[in-house]
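Below you will find the structure I want to go over with you.
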Amino acid sequence: MKTVRIKGMSCGQCATRVEKSLNKINGVEAKVDLQSRTAKLNLTEDVSDEQIKDAVDNAGYEVTDIIGV
């Protein structure tokens, strides 16, 4: 389980865009919470922080912190 803090989301469509981008990564089940500006990731495979950052960047937003193992 990882929690990702994300900068730049301002609406439900933003959250949906980030969630879809994260869920495209093999081994990731993501749920984005717009109010807290975070994504909770359940990981079923090894996923690097760099892969997570790239997915959020590709959606047009910025990772400010990744918490978890």
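The numbers here are math on the coordinates, done by the rules we state, and not lab data. Just so you know, these numbers come straight off a predicted model, no measurement behind them. Positions of Cβ are backbone-derived with ideal geometry, glycine not excepted, and every protein chain shown enters the neighbour counts.
Give a residue-ordered list of calculated ³J(HN,Hα) values for region 31-46 (Karplus: 6.51 cos²θ - 1.76 cosθ + 1.60, θ = phi - 60°; whole Hz; x for Gly, Pro).
9, 9, 10, 4, 4, 8, 6, 10, 10, 9, 10, 8, 10, 9, 9, 5
Subtracting the Cα-Cα distance from 0.36 nm times the residue separation, let me have the gained length for Asp57 to Glu29 in nm, one decimal.
Gain in length upon complete extension: 8.3 nm.
Under the rule of at least 5 residues apart or a separate chain, name every residue whose amide H is placed under 5 Å from the amide H of Thr64.
When sequence neighbours closer than 5 places are left aside, the close amide H contacts are Arg5, Ile6, Lys7.
Shifting gears a bit: Nearest 10 degrees is fine. How inclined is helix 12-23 to the longest principal axis of the chain, computing both from alpha carbons?
For helix 12-23, the angle is close to 10 degrees.
Expressed in whole Å with the largest first, what are the equivalent ellipsoid semi-axes of the chain derived from the C-alpha gyration tensor as the square root of 5 times each eigenvalue?
17, 12, 11
Okay, moving on. Which lysines, if any, have their Cα less than 18 Å from the Cα of Lys24, not counting same-chain residues under 8 positions apart?
The qualifying lysines are Lys2, Lys40, Lys53.
Show me the trypsin sites (Lys or Arg not before Pro) within region 17-50 that DSSP assigns to loop and that have at most 16 other Cβ atoms within 10 Å of their Cβ.
Answer in residue order: Lys24.
Taking loop as defined by DSSP and a crowding limit of 12 other beta carbons within 10 Å, which GluC sites (Glu not before Pro) in region 25-69 fit?
Glu45
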